Amino acid sequence: MNSIRDLEPQLAANRRYWCGWAGAAPDDDLPIYRTDIPHPLLNGVLRVRNLPIGDAIEEAKNRLTGSAWSWWVQRDSDEGTAERLLSHGAEQVGHTPIMAVDVTTVAEPVVPKGLSIRAAAEPAEIQRYVEAWAGPLGVTGNLGIVVERELNFYPDMVRLAGVVDGRTVGTCTLSLGTADVGGLYTITTDPDYRRRGIATALTLEALRIIRKTGRHFATLQSSGAGLAVYEKIGFRTVAHYDFYQLPE
């Protein structure tokens, strides 16, 4: 990866992260991941290459029927994928910034008073970690399957928990599964603890870890609410993912 505008390693890192939820193969021409967790980001299609779109849609529906799911589109898919999905009745439901930063250019983390940052690894810590990020990201219902998926994830995940008075109030998952780039996910803060610099501190700590591994770049997908936070750190928008949903 030569610059933050080199998308291929970032897209590969993203495929690896989401496929890790389901034990799917991230580098297939049609990587489909299904967790059965009722959230459209936790089930879906990450790209389609070298396949007629009709065949790809049929395969996706066969494997994902009964789940909430989305179809991601970026340039790792065949050219014209978005238009073909729309022609088959799909609806665009999202347009999310892909952001990247050169980690050698960002500041060292400054931890707000009263906050400690810990790596969550043991089952009880993972349980608290999931409970902390599930609400802000809209994952509801029985979280047991979510915890189970986290416990059986790729071993190259670092889960940074922001803890105040013994309570996990912030999260940031760092994926180190690709050689060139670190991927950041589930960056959340409990609504009662926002505007205290917790998400910034967690993100900067993740970037420090990436830098320590010898990698030079980090990537994430931002919500609208997080955009200004990441820009202040030094992230820049380099592309967008478009999300589509097909009729039943």
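Data table
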| read-out | value |
| --- | --- |
| Pair list, Cβ under 6 Å, 6 or more apart: the stretch 206-225 residue touching a residue at least 12 places away in the same chain (Cβ under 8 Å) and closer than 12 Å to Val238 by Cβ, other residue of a type in the set (S, T, N, Q) and open to solvent by less than 40 Å² (accessible area, probe 1.4 Å) | Thr219/Gln10; Gln221/Thr96 |
| Residue list for the stretch 215-236, filter: open to solvent by less than 50 Å² (accessible area, probe 1.4 Å) and either among the charged types (D, E, K, R) or not in a helix (DSSP H, G or I) (or both) | Arg215, Phe217, Ala218, Thr219, Leu220, Gln221, Ser222, Gly226, Gly234, Phe235 |
| Considering residues of the stretch 104-136 that are touching a strand residue (DSSP E or B) at 6+ places or on another chain (Cβ under 6 Å) and under 30 Å from Val45 (Cβ atoms) only, the residue modelled with the lowest pLDDT | Pro136 |
| Residue within the stretch 116-135 that is among the aromatic types (Phe, Trp, Tyr) and within 22 Å of Val181 (Cβ to Cβ) present | yes |
| Out of Leu174, Leu202, sole residue that is in a strand (DSSP E or B) and at pLDDT 95 or above | Leu174 |
| Criterion violated by Gly197 - all others in (1) touching a residue at least 60 places away in the same chain (Cβ under 8 Å); (2) farther than 28 Å from Arg5 by Cβ; (3) out of contact with any strand residue (DSSP E or B) (no Cβ under 9 Å at 6 or more places or on another chain) satisfied | (3) |
| Extreme residue, surrounded by the fewest Cβ atoms within 10 Å (Cβ to Cβ), among residues of the stretch 114-171 that are part of a loop (DSSP other than H, G, I, E, B) and of a type in the set (Ser, Thr, Tyr) | Thr140 |
| First in the stretch 5-21 and without any contact (Cβ under 8 Å) to a residue 60 or more places away in the chain, second anywhere and of a type outside the set (Val, Ile, Thr) and open to solvent by 10 Å² or more (accessible area, probe 1.4 Å), Cβ under 6 Å, 6 or more apart | Cys19/Pro26 |
| Matching option when the condition is over 12 Å from Tyr241 (Cβ atoms), open to solvent by less than 20 Å² (accessible area, probe 1.4 Å) and in a loop (DSSP other than H, G, I, E, B), among Ile37, Ile57, Ile4 | Ile37 |
| Tally of residues being open to solvent by 10 Å² or more (accessible area, probe 1.4 Å) and of a type in the set (Gly, Ala, Ser) across the stretch 40-54 | 1 |
| Qualifying residues in the stretch 7-34 (those that are outside any loop (DSSP other than H, G, I, E, B) and open to solvent by 30 Å² or more (accessible area, probe 1.4 Å)) - the one farthest from Ala100 (Cα to Cα) | Arg34 |
| Residue satisfying condition, being out of contact with any Leu (no Cβ under 8 Å at 6 or more places or on another chain) and charged (D, E, K, R), within set Asp156, Asp192 | Asp192 |
| Conditions (1) out of contact with any Asp or Glu (no Cβ under 9 Å at 6 or more places or on another chain); (2) open to solvent by 30 Å² or more (accessible area, probe 1.4 Å): number failed by Arg208 | (1) |
| Matching residues in the stretch 180-194 - criterion: being without any contact (Cβ under 8 Å) to a residue 60 or more places away in the chain and within 17 Å of the chain's Cα centre (by Cα) | Leu184, Thr186, Ile187, Thr188, Thr189 |
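The values are calculated or read from the model by the stated rules, or taken from the named source; none is laboratory data. Since we're looking at a predicted model, the values are computed, not measured. Please note: Cβ atoms are built from the backbone with ideal geometry, for glycine as well, and neighbour counts cover all protein chains shown. When the accessible area is computed, the model is the full protein with side chains, heavy atoms only, and any ligands, DNA or RNA have been set aside. Shrake-Rupley method; radii C 1.70, N 1.55, O 1.52, S 1.80 Å.
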